Amino acid sequence: MTRAALDINVFRCQGCGALHERRPVICPSCLGEVFDDHSVPGVGTLASWTTIRKPPLAHRGHGPYDVAVIDLSVGLRITGRIVSETHETGSQAEHQAGLQARRQAELRVGAPVGLMHRIDSGGETINVFEVMETVTEQ
Amino acid sequence: MRPVYISGIGSTAFGRHHDMSIESLATQASSQAIKESGLAREQLGALYLGNFISGPLNGKEVLAGIVADRLGLPGNIPCTKVEGACASGGIAFRHAWLAVAYGMCDAALVVGVEKMTHATTAEVTSALNCAMDNELDGPNGLTFPGLFGLVWRAYDRAFGLARDDVSAVVIKNKRHGLLNPLAQMGGQLSFDEIAASAMIADPLQLFDCCPATDGAAALVLCSEAMYRESRKQPVRVLASVQTSGAPQIAKHLDLCTFEATVSAAQQAYASAKIGASQIDVVELHDCFSMAEIVDSEDLGLVPRGQGAKWAAEGRTDIGGDVAINPSGGLLAKGHPVGATGVAQIYEVVRQLRGEHDNQVAGARTGLTHNLGGTGVACTVNILQAEQ
């Protein structure tokens, strides 16, 4: 697996250098108010994940989907979505028949992950990661 | 700061109350508590009402003033609705405690209430999701069961945790629920039944999750001079602590612990001048089976990594080292979210009076733990029966 991971845009406080997933009004570390757009490699490790089978109303059309906590290699922890290749290509029947077991064998805490695509969900961007054996930066 | 006592308690049954409004549930529980306290309504100097989602699910707000009106309380006292997600009730209790402890009034009423069962699962999930960081976690579609799915996998990685390990907590609390006449869904469950239940947020399954619940619980708090009106054995509030933690999942660098619980417990033990080993009975926030495992460790009751093992060995059962959730907990008694923090204290007071239906023999000191949102709000209280 050598597909390149996408970059992810984060915000760096000009005052203290702290990284933030979304642009804050003030930096909770130093109360700074100026932030630079900062592109970092969308690579890291999987800290945990879960499959949401009872989604809230706003995500009812998405389920089931996997939400993950990702530790980006730049030292920022974020939440996002995660899929595996088999999950994306498997049919619904395959999925129900036992794909779940294969998928979970591949997903594991500590696995290397990369940002593979983004979903626009009602104006919000969802970062979608995949587990990769070899993660390369873009 | 002066001593504060709980002189009256009241509660509705937990479950479905389709024939009662949210105001009626709160009024019924409150009326019981006031009557039991032996105080006249004119002696109450404040009302604090814990509620989380009466707006989205019932289209009703200003419940504190409405319930005061239904109860015929004096019109000139402050009536305040308090919100802190699933810790709303615990926070309301603490504010009533503050009011009495610091002399703002000599007696205060606290009531927690929620009405949820008329709504669909998706509506309830969406309403509860108001307590998420919806700038950061919400957009990904995370839910509260999902949070504890994340916790489970992180905990498994750190300590090892199998399906049946977690089921020990479910089996214990469901069994306790059978002995609590107020409980919504006690049960005698097997490991196989739990493992066969529907997946909700992997690895979390149906029986790992508390139900949606209608219900209310109420307490009257008062000064030493006033509790003498009560015919019941007085229970003293030794400590009442409230803390905050990160609203965002990603700010929890260790997913196997909630800092707000650890901090609240440490402050509560210090304030009460007792250690965790002196606690006889605990009602803690088992919104999910996995939560009880983490909470019991965060509260210092069980060593790290041992939460499930202690449940499996009966060490957190009645007759064990420390009885955890003899009421059935949120898993079996139910979780009317804004009522839970008050209901936990109701249960512990009954234990300390020696009148509980699932009594812990000789219980003298009890602890309650109420956790809101993603660990964003927490209260821990330590209560003791007066000799």
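The values are calculated or read from the model by the stated rules, or taken from the named source; none is laboratory data. Fair warning: this is a prediction, and the values are worked out from it, not measured in the lab. Note that we place each Cβ from the backbone using ideal geometry, even for glycine, and neighbour counts take in every protein chain shown.
See the values below:
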| read-out | value |
| --- | --- |
| Checking B:M226 against (1) part of a helix (DSSP H, G or I); (2) within 20 Å of B:T340 (Cα to Cα); (3) in contact with a helix residue (DSSP H, G or I) (Cβ under 8 Å, 6 or more places away or on another chain); (4) aliphatic (A, V, I, L, M), the condition it does not meet | (2) |
| B:Q188 vs. criteria without any contact (Cβ under 8 Å) to a residue 60 or more places away in the chain, of a type in the set (S, T, N, Q) and under 23 Å from B:G305 (Cα atoms) | no |
| Residue match in the stretch A:20-43 (condition: under 27 Å from B:A158 (Cβ atoms), modelled with pLDDT of 95 or more, crowded, with 21+ Cβ neighbours inside 10 Å and touching a strand residue (DSSP E or B) at 6+ places or on another chain (Cβ under 6 Å)) | yes |
| Residues satisfying the stated conditions in the stretch B:35-77, i.e. in contact (Cβ under 8 Å) with a residue 60 or more places away in the chain, farther than 16 Å from B:A99 by Cβ and not small (G, A, S) | B:E36, B:N51, B:F52, B:I53, B:P56, B:L57 |
| Whichever residue in the stretch B:130-181 is in a loop (DSSP other than H, G, I, E, B), in contact (Cβ under 8 Å) with a residue 12 or more places away in the chain and buried (at least 21 other Cβ atoms within 10 Å of the Cβ) and, among such residues, is farthest from the other protein chains (Cβ to nearest Cβ) | B:N180 |
| Answer residue from the stretch B:182-221, given it is over 16 Å from the mean Cα position of the chain (by Cα) and within 22 Å of B:L49 (Cα to Cα) and is nearest to the other protein chains (Cβ to nearest Cβ) among those | B:L221 |
| The stretch B:229-253, residues that are assigned to a loop (DSSP other than H, G, I, E, B) and without any contact (Cβ under 8 Å) to a residue 12 or more places away in the chain | B:L253 |
| Residue count for the stretch B:332-377, restricted to those that are within 10 Å of the chain's Cα centre (by Cα) and not small (G, A, S) | 13 |
